[in-house]
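Values in this text are rule-based calculations from the coordinates and carry no lab data. The structure presented is a predicted model; accordingly, all values stated were derived computationally and were not measured. Neighbour counts run over all protein chains shown; Cβ positions are idealised from the backbone, glycine included.
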Amino acid sequence: MVFWIFGYGSLVWNPGFEYDEKVIGYIKDYRRVFDLACIDHRGTPEHPARTCTLEYSEGSLCWGAAYCVKGGPEIESAAMQYLERRECEYDHKITVDFYKEGDDLEPLVTDVIVFMSTPDTVSNKYYLGPAPMDKMAWQIATAFGPCGNNRDYVFLLEKAMHAIGHEDDYVIELANEVRKVLDVVKSATKEKNLVAAPHVVKDHIPSLQLLPRQETVVLDS
């Protein structure tokens, strides 16, 4: 059961399974979006994280990494079982042509497996759908789960795409929006701490006059 799997999210930097070959390249007519809920890794049912899925987009290229698994029946079966568990929030599995960097005429491999999400909020409980960039940034900046926080997922993907030489403008824009939210939260927390403990300020900066208490920043859940 030799197979190829295409990674466009965390699989780019952390495949987590044994493989025989890794190739940087792309698939056609799909683009990366953060429309999938994660409720057991980097989020919770009450405050889901946003992670990657694919959206059909004619003419688009989605860069990532393809992995070939052909180490024998046991290794191949173990890898697929691992992927099925890890990608359990994706309800759709397709096969596509995969193109290697520098060779745009013929696909390197056909029938490469891709996990993705059905874009239907009724039939697919994990599909969040699109949202304004600033709202997604607040959600990502404040979500966390058993495996870590949501913001690191975005930052690691941004770093991984840079490392393979194919930065994603959408990921970069979202990562920068998340950083802005984190700055706001940090400033609000610092201000709250100063107001709550004025004696600390007076002891260290006698000339500073505290501003009136500001309205508390409420984070989206």
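Working carefully through the options 64, 145, find the one that is within 17 Å of the chain's Cα centre (by Cα), crowded, with 17+ Cβ neighbours inside 10 Å and over 21 Å from residue 4 (Cα atoms). Step through it out loud before you land on a result.
On the way: 64 fails: over 21 Å from residue 4 (Cα atoms).
Just a single option satisfies the conditions, and that option is 145.
In the set (1) surrounded by fewer than 16 Cβ atoms within 10 Å (Cβ to Cβ); (2) hydroxyl-bearing (Ser, Thr, Tyr); (3) in contact with a Cys (Cβ under 9 Å, 6 or more places away or on another chain), residue 170 fails one condition alone, (3).
Here is a list: 90, 82, 99. Which entry is touching a strand residue (DSSP E or B) at 6+ places or on another chain (Cβ under 6 Å) and not in a loop (DSSP other than H, G, I, E, B)? Step through it out loud before you land on a result.
On the way: 90 fails: not in a loop (DSSP other than H, G, I, E, B); 82 fails: touching a strand residue (DSSP E or B) at 6+ places or on another chain (Cβ under 6 Å).
From the options 90, 82, 99, the qualifying one is 99.
Picking from residues in region 1-25 that are crowded, with 21+ Cβ neighbours inside 10 Å and not small (Gly, Ala, Ser), the one that is farthest from residue 125 (Cα to Cα) is 4. Of the numbered criteria (1) in contact with a Ser or Thr (Cβ under 8 Å, 6 or more places away or on another chain); (2) surrounded by 17 or more Cβ atoms within 10 Å (Cβ to Cβ); (3) in contact (Cβ under 8 Å) with a residue 60 or more places away in the chain, the one residue 99 fails is (1).
Out of everything in region 114-171 that is of a type in the set (Phe, Trp, Tyr) and in contact with a Lys or Arg (Cβ under 6 Å, 6 or more places away or on another chain), what residue ends up being farthest from residue 13 (Cα to Cα)? Lay out the reasoning, then the answer.
Filtering region 114-171 down to residues of a type in the set (Phe, Trp, Tyr) leaves 115, 126-127, 138, 144, 153, 155, 170.
Those still in the list that are in contact with a Lys or Arg (Cβ under 6 Å, 6 or more places away or on another chain) too: 115, 153.
Details: 115: 16, 153: 10 Å.
That would be 115.
For region 18-47, residues that are touching a residue at least 12 places away in the same chain (Cβ under 8 Å) and not in a strand (DSSP E or B) total 11. Cβ-Cβ distances below 8 Å connect the following pairs, each with a first residue in region 54-69 that is of a type in the set (Val, Ile, Thr), a second residue that is assigned to a strand (DSSP E or B), and a separation of six or more residues or different chains: 69/3; 69/4; 69/5. For region 120-140, the set of residues classified as buried (at least 18 other Cβ atoms within 10 Å of the Cβ) and over 17 Å from the mean Cα position of the chain (by Cα) consists of 124 only.
Taken as a whole, the condition of being part of a strand (DSSP E or B), surrounded by fewer than 22 Cβ atoms within 10 Å (Cβ to Cβ) and touching a helix residue (DSSP H, G or I) at 6+ places or on another chain (Cβ under 9 Å) does not apply to residue 50.
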